[in-house]
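Colleague: The following block contains the structure, expressed as structure tokens.
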Amino acid sequence: QVPLVESGGGVVQAGGSLRLSCAASGRTLLSYGMGWFRQAPGKEREFVATINWSGGSTDYAVPVKGRFTISRDNAKNTVYLQMNSLKPEDTAVYYCAARIGGGAYTWNDYQYWGQGTQVTVSS
């Protein structure tokens, strides 16, 4: 098991920024690819960003590319999602996920999930 806990969500005005964190309690994330996904009300969970075990490879969904940055600090067993220039359409519950191996783009490629953190962007 890889217990993941997200934090950093909240309410922000359009154009603002938030940084989400995903921490693994009592477990190293060193060998895991990590991803961020989000789910808005009435919509399916969608891919946001992914990062490989070293942080040397990242990728993003088109709607967030250039605005969001995924990173990781393996010494702290934490993955981050820096979100800038937020838009109302970014409003969703954001989930982090871990998988054995590299990063991936679909939610069912991940074995472990956090409980999610709510991000609300007001216009």
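The values are calculated or read from the model by the stated rules, or taken from the named source; none is laboratory data. This one's a predicted model, so the numbers in the text were calculated from it and none came from an experiment. Cβ placement follows ideal geometry from the backbone for every residue including glycine, while neighbour counts extend to all protein chains displayed. For accessibility, only protein heavy atoms count, side chains too; no ligands or nucleic acids. Shrake-Rupley method; radii C 1.70, N 1.55, O 1.52, S 1.80 Å.
Colleague: Among the candidates Tyr95, Tyr60, single out the residue that is under 22 Å from Val5 (Cβ atoms), under 11 Å from the mean Cα position of the chain (by Cα), touching a residue at least 12 places away in the same chain (Cβ under 8 Å) and open to solvent by 30 Å² or more (accessible area, probe 1.4 Å).
Modeller: Matching residue, one of Tyr95, Tyr60: Tyr95.
Colleague: Could you check how many residues of segment 9-38 are open to solvent by less than 10 Å² (accessible area, probe 1.4 Å) and either outside any strand (DSSP E or B) or among the β-branched types (Val, Ile, Thr) (or both)?
Modeller: Summing the residues that are open to solvent by less than 10 Å² (accessible area, probe 1.4 Å) and either outside any strand (DSSP E or B) or among the β-branched types (Val, Ile, Thr) (or both) in segment 9-38 gives 1.
Colleague: Every residue in segment 41-83 that is among the acidic types (Asp, Glu) and assigned to a loop (DSSP other than H, G, I, E, B), please.
Modeller: Restricting attention to segment 41-83, the residues satisfying the condition of being among the acidic types (Asp, Glu) are 44, 46, 59, 73.
Correct list: Glu44 only.
Colleague: Do you know which residues across segment 55-88 are under 16 Å from Ala24 (Cβ atoms), small (Gly, Ala, Ser) and at pLDDT below 95? Steps first, answer last, please.
Modeller: So the first thing to find is which residues in segment 55-88 are under 16 Å from Ala24 (Cβ atoms), and the list is 55, 70-81.
Still in the running and small (Gly, Ala, Ser): 55, 71, 75.
Answer for segment 55-88, where residues must be under 16 Å from Ala24 (Cβ atoms), small (Gly, Ala, Ser) and at pLDDT below 95: Gly55, Ala75.
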